[in-house]
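Laboratory data are not the source of any read-out in this text; all were calculated from the coordinates shown. As the structure is a computational prediction, the values presented were derived from the model and not from experiment. Please note: Cβ atoms are built from the backbone with ideal geometry, for glycine as well, and neighbour counts cover all protein chains shown.
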Amino acid sequence: MVKKILSARSPIKTLEKNLRGGFGPGHLGVFASRKGVGKTACLVQIALDRLFEDKPVIHVSYASRVDYIISWYEELFRKLASRENLKSEMEVHDRVVRNRVILNFRQEGMKTEQVLKSMEALLGPGNFAARTIIVDGFNFYLPCAEDLAQFKKFAVDRQLEFWFSCSLKGEDPLFDDQGLPFVLKDYLSSLDIIITLEHDNGRVRLNLVKDHDQISSKKLRLELDPQTLLLTRI
Amino acid sequence: MNGTLQRMRNIGISAHIDSGKTTLTERILYYCKKIHRIHEVKGKEGGGATMDYMELERERGITITSATTNVTWNEHSINIIDTPGHVDFTIEVERSLRVLDGAILVLCSVGGVQSQTLTVDKQLKRYNVPAIAFVNKLDRIGANPFKVKDQINDKLGRRAALLQVPVGLEDKFQGLVDLIRMKAYYFDGPNGELVREEEIPPELEDLAWQYREELLDAVSLFSDEVTEAILEDRVTEEMLLRAIRKGTISREFTPVLMGSAYRNKGVQLLLDAVVNYLPDPSEVENIALDLDREEKPVILKADPTLPCVSYAFKLEEGPYGQLTYIRIYQGSLRKGDELYNTRSKQKFKVGRVVRMHADHMEDIEGAVAGDIAALFGVDCASGDTICSPGLNYAMTSIYVPEPVISLAIEASDKLSADRLAKALNRFTKEDPTFRVYIDPESKQTIIQGMGELHLDVYVERMKREYRVEVVTGRPQVAYREAITARADFDYTHKKQTGGAGQFGRVIGYIEPFDGQYEFVNEVKGGHIPREFIPSCDKGFQAMLKKGQLIGSPIIGLRVVLTDGQFHPVDSSDIAFQMAAQGAFKQAYKKARPQILEPIMKVVVETPSEFSGNVFGSLNQRRGIIVSSIEDGSYSRIEAEVPLSEMFGYSTILRSMTQGKAEFTMEFLKYSRLPASLAEQLMEEHRQKLEAGDRK
């Protein structure tokens, strides 16, 4: 019950309400920004939002060490719990941990096929009923149209939602005049939602640049508090 | 005398179970001329290697107990403590590590850093043991020492660099290029005893220089001398040896050597490295606690002229009585000396002093600081500190984990009951994680330990060493009870009918607490006289031994005594104890007690193709899968699983993965047992109590 309330107040719900087609099974979403702006914080908060509703989440990571990822969850859980004045914190925490599995692929150039196979193993024989998949550290700068198509098909077939992070690098400009990151332009057919994060006078604003079939930059009424890294409504 | 100390090494060989540690030890003994024939570990020629001398270990092809042996290499005296690799016997490893000054960390060149390697590595770090790495089995298909070196850096978080590169690999493995001398070495003769130095094969020149560069880079991080010399291009062999030694001892650097013990290649160079890079006893700081001065830490000096301080780290029942392995930290001991056991407060005279080989011994006159020796006929337990009379020191106690599993045992016939008692007495002295008690209700003998295999090994040792056939019950998990809410009590114990009366009243509350138990006295105004406060504490503590849910010990509880009442004549120690017990009974149920079960951290390493099966098997066992790390074709799956669900898991895992997966587990925490299972346990407990009443 506590969690329901917490979840209803969640800025993630605001985010979803702002999307024209909503977000759900079969969809792929991306948070894009330069390194260190707050993509992982956004991803983890989406995961926590689902976990607060007792919905299992698989967190796929291509780079970070497991303990590093866990510390992200711990940190943001603690801050959310204290912001929302969460009762029975330990019990909720236990359930969050129980419903989260971290899949870490350390090797450079791990094939998407293999990643999906592992996910399949966890969902099938592993009996882990995840509906949300978080993918952190996927390299969009390598040719990956086919990989994303595979992710998309998997999402549709298994009725999963996927949230990716995309780390932007290189010289400016990184975005076209509609606010779309250049690197993602080849993959628009697979990606349903693209949100970019930008620094704006000491704050981090979220812009919705692709909302299903509509491409136009729209400032979301959300920002990332640079101190706590929590998403807040504005 | 100082020269002797500098030529002494106490080392252990720590490794994953199949990395070839026993074979390596065997070769070391051979090259140091301690044995004259090479045996192979089980399965190759039936003899069994010299170091795992216990029959049981021979049969299983693993080493369980740590035997020590002394060898000489290049005029250095090296004590080797053979440490077991299996996680179920970690107390053995930990006790050995306590007395080591350095270690060889053996890795398999195919498997690399595996889950047990991580466990062993953690232990080395916990006891600050400097280590050199030896990548073994270069003759195996898939051998890749370069990858293993990277894993030592990445997975173990050590700063490691190769000191050698191989000449050929797998079935073409011939020798090694030493990156310090920049020479190639080959191992000739039927058992590789003749080391031949050659120039580096031209095709390996580039590779050798490349890895030498990497070595210099790594070393220059902690040696200014080398950094300067690199700039001026005048790095000498001595300079490098000095820097690597310094880095290894300060644990900033891990030199990586390699070879194939089985093919007799590389072992002599490893021995050179032990002498060159691992510390002598004077280079390691050891601290004792002075029991006469509130356990004030005292730094021990490896000086043979000072009073003796030594540590009994292992006991063994030999054909001639009890053998006590000791490490001497300060002073010296000789036959006929009088020594003092600071735990039992007993004095004793030193009888025979021996130096151990794996299964034979050599009598010596005495031993000095830094050395490891064994004493005969000393009555002590492992972990005891033994000093010269006048000193009352204790070596810092080693960390002893609480047992998590228990098993009821019974001798199959009356005749062997005596021998069983003897065996149990011996094992509890040898191994602090192995415990025995008699269940007062069932009158059964219960043994407790760290895992299924741990207890299995002792049951087998009873059969083999003491000829006791035992019947075992089902393994039982060590449950606990804990309260989850605060509850008040106000209880009066009153018995004032004829004769001496009893009166005591206690008021206060119990509440959940982070530690084991705490008693807080807040009684004011002398409502309970001061002399009866400890009686109350005692009364409460008596109740913690058996909770009311399933009779398991209660943990995590604080008692706060706020008020009370006494009677000038009828109040007594016993009356307040009874009052406390009554109060506890009154409050416990109100404090919403629950049953806790031990949760194990389970790590499974499996070829990725089986990871689905492994996920499923852990899930079925009420496990939480924390993570799965995929690296190439292998997955390392970490999970938290209740111990009660893990019985027989090794068999299931083997059959599920064609024997290709392995797992380790260690106690993680106590956690709440799900309600349905708790109900079941409570019902069983009720039935047991009722059955007891009927009797």
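Percent of Cα pairs in chain A per distance bin of 5 Å, from zero to the largest separation: 1, 6, 15, 20, 21, 18, 12, 6, 2, 0. Computed from backbone phi, the HN-Hα couplings of the range A:205-215 come to 9, 10, 10, 8, 10, 9, 10, 6, 8, 9, 10 Hz, rounded to whole numbers (Karplus: 6.51 cos²θ - 1.76 cosθ + 1.60, θ = phi - 60°; Gly and Pro given as x). What is the local net charge at residue B:516, summed over the other residues whose Cβ is closer than 11 Å to its Cβ (Lys, Arg +1; Asp, Glu -1)? Taking every Cβ under 11 Å from that of residue B:516, the sum is -1.
Taking only the Cα atoms of the range A:115-220, how large is their convex hull per residue, in Å³? Could you put the intermediate results ahead of the total?
Values: hull volume 13.2 nm³, N = 106.
Spelled out: Cα convex hull of the range A:115-220, divided by residues, is 124 Å³.
From the largest down, the range B:596-676 spans 39, 22, 20 angstrom on the principal axes of its Cα atoms. In this structure the amide hydrogen of residue B:353, modeled in the peptide plane, comes within under 5 Å of the amide hydrogens of B:364, none closer than 5 places in sequence on its chain. Placing +1 on the Cβ of every Lys and Arg and -1 on the Cβ of every Asp and Glu, with no other charges, gives the range B:136-276 a dipole of roughly 780 debye about its Cα centre.
In the range B:95-221, the inverse of the mean reciprocal separation of distinct Cα atoms equals 15.8 Å; this is its Kirkwood hydrodynamic radius.
Taking the empirical scaling 2.2 N^0.38 Å for compact globular proteins as reference, the range B:483-571 has a Cα radius of gyration ratio of 1.16.
Counting Lys and Arg as +1 and Asp and Glu as -1, what is the net charge of the other residues whose Cβ lies under 13 Å from the Cβ of residue A:117? Walk me through the numbers on the way to the answer.
Numbers: positive: A:111, A:158; negative: A:113, A:120, B:609, B:630.
Charge balance in the 13 Å sphere: -2.
The lysines within cross-link reach of residue B:137, meaning a Cα-to-Cα straight distance under 18 Å and a gap of 8 or more places when in the same chain, are B:21, B:42, B:44, B:147, B:149, B:172, B:265.
Toward the positive end of the charge dipole of the protein assembly as shown, with +1 on the Cβ of Lys and Arg and -1 on the Cβ of Asp and Glu, the farthest Cα among B:226, B:390, B:132 is that of B:390.
Kindly work out what percent of the DSSP beta bridges joining two residues of chain B are antiparallel, to the nearest 5. Can you show the working numbers first?
Details: 122 of 151 bridges.
So the antiparallel bridges amount to about 80 percent of the total.
Taking the fewest neighbouring Cβ atoms within 10 Å as the starting point, the ordered list for B:316, B:199, A:161, A:16 is B:199, A:16, B:316, A:161. Calculate how steeply helix B:115-126 sits against the longest principal axis of the alpha-carbon atoms of chain B, using the helix alpha-carbon long axis, and give the answer as 0 to 90 degrees to the nearest 10. Once rounded, the angle reads 80 degrees.
For a distance above 46 Å, tell me the whole-number percent of Cα pairs in the protein assembly as shown that qualify. Intermediate results must be reported in sequence, preceding the final value.
Working: 178632 of 431056 pairs.
The proportion of pairs with Cα distances above 46 Å equals 41 percent.
Phi angles of the range B:231-240 translate, via the Karplus equation with coefficients 6.51, -1.76, 1.60 and θ = phi - 60°, into HN-Hα couplings of 4, 8, 6, 9, 6, 9, 4, 4, 4, 5 Hz per residue; Gly and Pro are given as x. Taken along its three principal axes, the alpha carbon spread of chain B comes to 102, 63, 59 Å, from the longest extent down to the shortest.
Cα-Cα pairs above 23 Å in the range B:251-372: how many percent?
On the way: 3513 of 7381 pairs.
When every Cα pair of the range B:251-372 is considered, 48 percent fall beyond 23 Å.
Remark: the range B:143-156, residue by residue, has Karplus-estimated 3J(HN,Hα) of 4, 8, x, 5, 5, 4, 4, 4, 5, 4, 5, 6, 7, 9 Hz, where x stands for each Gly or Pro and the curve is 6.51 cos²θ - 1.76 cosθ + 1.60 at θ = phi - 60°.
The angle separating the long axis of helix B:675-694 from the principal Cα axis of greatest extent in chain B is about 60 degrees.
What share of the DSSP beta bridges in the range A:2-233 is antiparallel, in percent to the nearest 5?
Details: 18 of 43 bridges.
Close to 40 percent.
Note on residue A:85 and residue A:142: the extension gain reaches 16.2 nm, defined as 0.36 nm multiplied by sequence separation minus the Cα-Cα distance. In terms of overall dimensions, the range B:149-269 has a Cα radius of gyration and Dmax of 14.8, 44 angstrom. A cut-off of 5 Å between modelled amide H atoms, ignoring neighbours fewer than 5 places along the same chain, links residue B:308 with B:332, B:388. P(r) for the range B:405-475, from all Cα pairs and a bin width of 10 Å, is 21, 62, 17, 0 %, short bins first. Among the listed pairs B:546/B:589; B:546/B:590; B:125/B:296; B:590/B:688, those whose Cα-Cα separation exceeds 20 Å are B:125/B:296; B:590/B:688.
Per-residue Cβ neighbour counts within 10 Å put A:90, B:182, B:8 in the sequence A:90, B:182, B:8, beginning with the fewest. Shape summary of the range B:551-660, radius of gyration then Dmax from alpha carbon positions: 24.5, 79 Å.
Give me B:120, B:368, B:177, B:354 ranked fewest to most by other Cβ atoms within 10 Å of their Cβ, as a rough exposure proxy. Walk me through the intermediate numbers first.
On the way: B:120 30, B:368 22, B:177 25, B:354 19.
Fewest to most other Cβ atoms nearby, the residues stand as B:354, B:368, B:177, B:120.
Here the protein assembly as shown is treated with +1 on each Lys and Arg Cβ and -1 on each Asp and Glu Cβ, and its dipole about the Cα centre works out to around 3000 debye.
Close amide-amide hydrogen proximity is noted between residue B:377 and B:322, B:324, each under 5 Å apart and 5 or more residues distant or on a separate chain (H modeled in the peptide plane; Pro and chain starts excluded).
Neighbours of residue B:334 by Cβ distance under 13 Å: Lys/Arg scored +1, Asp/Glu scored -1, total -2. For the range B:156-238, the dipole from Cβ point charges (+1 on Lys and Arg, -1 on Asp and Glu) about the Cα centre works out to 320 debye, to the nearest 20. The antiparallel fraction among DSSP beta bridges confined to the protein assembly as shown stands at about 70%.
Could you give the semi-axes, largest first, of the ellipsoid that matches the range B:240-301, computed as the square roots of 5 times the alpha carbon gyration tensor eigenvalues and rounded to whole Å?
Working: eigenvalues 242, 38, 16 Å².
For the range B:240-301, the ellipsoid semi-axes come out as 35, 14, 9 Å.
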